[in-house]
Amino acid sequence: MRVRVLYFGVLKDAFGRGVEEMELAEGASVADLIAACRGRYAGVREIWDSMAVAVNQEYARAEMVLREGDEVALLPPVSGGFDW
Amino acid sequence: MRVEITDEVIAAEEIVAEIKAGEDGAVCVFDGIVRNNTRGRKTLYLDYEAYREMALEKMRGLADEAVERFGVREVALVHRLGRLVVGETSVLIVVASAHRGAAFEACRWLIDTLKKTVPIWKKEQFVDGAIWADGEPFPDEIAVAGPERQG
């Protein structure tokens with residue numbers, strides 16, 4: 001199945017693109033997609049543990065099963081800082 | 001409820017003036033502006049980007065929740081994207097309420113929660129380089145790893 005993957009912030013820069021189509025096995029979960037990205041882009045390892053993922057614009061858990069046509073966004077921690 | 005993501009200058013004074021109504025006793029404003037440095041490193045400008053549709057939806061949710069939680073009358077929540085220079089407003093939060101306590105609390109809760117949960121990022125351009133600002137960790141209920149794998 002194909003899903004549409006969106007990258008933001010530091011991930012977008014690291015991957016050199018903001019969006020791509022990705023082919024995944026039927027029944028693949030959010031965790032599987034992260035594993036696939038991790039394998040391809042080892043350079044930004046530290047980001048993976050602090051990330052959030054949105055599926056069709058809602059925050060999703062690692063175990064969530066993806067479906068054909070889903071929009072999956074990989075979200076680094078948001079522009080915060082508590083220093084305002 | 002005025003909730004917006006804009007690429008234009010935020011008309012802070014106008015938004016504050018518009019929100020006021022006869023039954024209000026307090027208007028609390030948070031005006032988040034671009035600082036000229038981060039930990040002493042001189043900032044030239046910031047570039048804000050967002051997962052725009054989701055960010056707007058999350059901001060609407062926060063505005064509704066603020067009204068429900070704190071009993072305030074009205075909320076305006078506006079975030080700007082793109083390139084902002086020192087002193088410009090990146091986020092404006094205005095809360096109108098009959099009493100000041102609720103207005104202060106709602107305003108504080110809104111900015112703190114927005115900065116942890118709304119998908120907007122900033123890249124800081126310094127004289128000598130650029131970095132994506134370190135974000136706060138996502139709350140457990142949002143982080144993809146979930147509470148059992150945090151820490």
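The values are calculated or read from the model by the stated rules, or taken from the named source; none is laboratory data. This is a predicted model, so every value here is computed, not measured. When we count neighbours, we look across all protein chains shown, and the Cβ atoms used for this are built from the backbone with ideal geometry, even at glycine. Heads up: the accessible areas ignore ligands, DNA and RNA and are worked out on the full protein's heavy atoms, side chains in. Shrake-Rupley method; radii C 1.70, N 1.55, O 1.52, S 1.80 Å.
Distance between the C-alpha centers of region B:1-47 and region A:1-60? Whole Å please.
So the two Cα centres are separated by 32 Å.
Just to be sure I follow: if Rg is taken over the C-alpha atoms of region B:96-150 and Rh is the Kirkwood radius over the same atoms, what is Rg/Rh?
Numbers: Rg = 16.0 Å, Rh = 13.9 Å.
Here the Rg-to-Rh quotient is 1.15.
So, with +1 on the Cβ of K and R and -1 on the Cβ of D and E, and no other charges, what is the size of the charge dipole of chain B about its Cα centre, to the nearest 20 debye?
480
Rounded to the nearest 500, what is chain A's calculated 222 nm mean residue ellipticity when only DSSP H runs of at least 4 contribute -39500 (n - 2.57) each, over all residues? Numbers along the way, then the final one.
Numbers: 2 runs with 18 residues, N = 84.
Roughly -6000 deg cm²/dmol at 222 nm, from the helical runs in chain A.
Between B:GLN125 and A:GLU63, what FRET efficiency comes out of the Förster formula 1/(1 + (r/R0)^6) with R0 = 41 Å and r the beta carbon distance, rounded to 0.05?
Working: r = 39 Å, r/R0 = 0.94.
Taking R0 as 41 Å, the efficiency between A:GLU63 and B:GLN125 is 0.60.
Using a 1.4 Å probe over the heavy atoms of the protein chains, calculate the carbon and sulfur portion of the accessible area of the protein assembly as shown as a whole percent.
On the way: 5560 of 11360 Å².
Accessible surface attributable to carbon and sulfur in the protein assembly as shown totals 49 percent.
Which Cys residues of the protein assembly as shown have no other Cys beta carbon under 4.7 Å away?
Flagged as lacking a Cys partner: A:CYS37.
Against the 2.2 N^0.38 Å scaling, with N counting residues, where does chain B land? I'd like the Cα-based Rg ratio to two decimal places. Intermediate values should be presented prior to the final figure.
Working: Rg = 16.3 Å, N = 151, 2.2 N^0.38 = 14.8 Å.
Computed over Cα atoms of chain B, the ratio equals 1.10.
log₁₀ I(q)/I(0) of region B:1-83 at q = 0.23 Å⁻¹, via Debye over equal Cα point scatterers, no solvent, to two decimals?
Here the Debye-derived log intensity ratios amount to -1.19.
Calculated from DSSP H runs of 4 or more alone, at -39500 (n - 2.57) each and per residue, what is the 222 nm mean residue ellipticity of chain B, nearest 500? It would help to have the intermediate numbers written out before the result.
Working: 3 runs with 45 residues, N = 151.
Per the formula, -10000 deg cm²/dmol.
Would you mind calculating the relative contact order of region B:1-120 from Cα pairs under 8 angstrom and at least 6 residues apart, reporting the percent as a whole number?
40
Once Rh for the protein assembly as shown is found with the Kirkwood sum over Cα pairs, what is the Stokes-Einstein diffusion coefficient at 4 °C and 1.567 mPa s, in µm²/s? Walk me through the numbers on the way to the answer.
Details: Rh = 18.8 Å.
Rounded, D is 69 µm²/s.
Where in region B:32-113 are there GluC sites (Glu not before Pro) that are in a DSSP coil and have at most 16 other Cβ atoms within 10 angstrom of their Cβ? Please list the in-between numbers first.
Numbers: sites: B:GLU49, B:GLU53, B:GLU57, B:GLU65, B:GLU68, B:GLU74, B:GLU88, B:GLU105; in loops: B:GLU88.
Here the sparse-neighbourhood loop sites are B:GLU88.
Based only on Cα atoms, what mean projected area does the convex hull of chain A have, in nm²? Each step should come with its number before you reach the end.
Details: hull surface 22.6 nm².
For chain A, the mean projected area of the Cα convex hull comes to 5.6 nm².
Ordered by residue, what ³J(HN,Hα) values in Hz, to whole numbers, does region B:108-117 give under the Karplus form 6.51 cos²θ - 1.76 cosθ + 1.60, where θ = phi - 60° and Gly and Pro are x?
Running phi through 6.51 cos²θ - 1.76 cosθ + 1.60 with θ = phi - 60° gives 5, 5, 4, 5, 5, 6, 4, 6, 9, 10 Hz.
Is there a pair in A:LYS12/B:LYS58; A:LYS12/B:LYS122; B:LYS58/B:LYS116; B:LYS42/B:LYS116; B:LYS42/B:LYS115 whose C-alpha atoms are over 19 Å apart, and which pairs would that be? Working shown, then result.
On the way: A:LYS12/B:LYS58 21 Å; A:LYS12/B:LYS122 12 Å; B:LYS58/B:LYS116 11 Å; B:LYS42/B:LYS116 25 Å; B:LYS42/B:LYS115 22 Å.
With Cα atoms farther than 19 Å apart: A:LYS12/B:LYS58; B:LYS42/B:LYS116; B:LYS42/B:LYS115.
Restricting to DSSP loop positions (anything but H, G, I, E, B) with no more than 11 other Cβ atoms inside 10 Å of their own Cβ, which trypsin sites (Lys or Arg not before Pro) remain in region B:38-120?
Values: sites: B:ARG39, B:ARG41, B:LYS42, B:ARG52, B:LYS58, B:ARG60, B:ARG69, B:ARG73, B:ARG80, B:ARG83, B:ARG100, B:ARG108, B:LYS115, B:LYS116; in loops: B:ARG39, B:ARG73.
Sparse-neighbourhood loop trypsin sites (Lys or Arg not before Pro): B:ARG39.
Along the charge dipole of region B:26-151, Cβ charges K/R +1 and D/E -1, which of B:TRP109, B:ALA130, B:GLY71 sits furthest on the positive end?
B:ALA130
Which of the GluC sites (Glu not before Pro) across region A:1-80 are loop residues per DSSP, with 14 or fewer other Cβ within 10 Å?
Values: sites: A:GLU20, A:GLU21, A:GLU23, A:GLU26, A:GLU46, A:GLU58, A:GLU63, A:GLU68, A:GLU71; in loops: A:GLU26, A:GLU63, A:GLU68.
Filter output for region A:1-80: A:GLU26, A:GLU63, A:GLU68.
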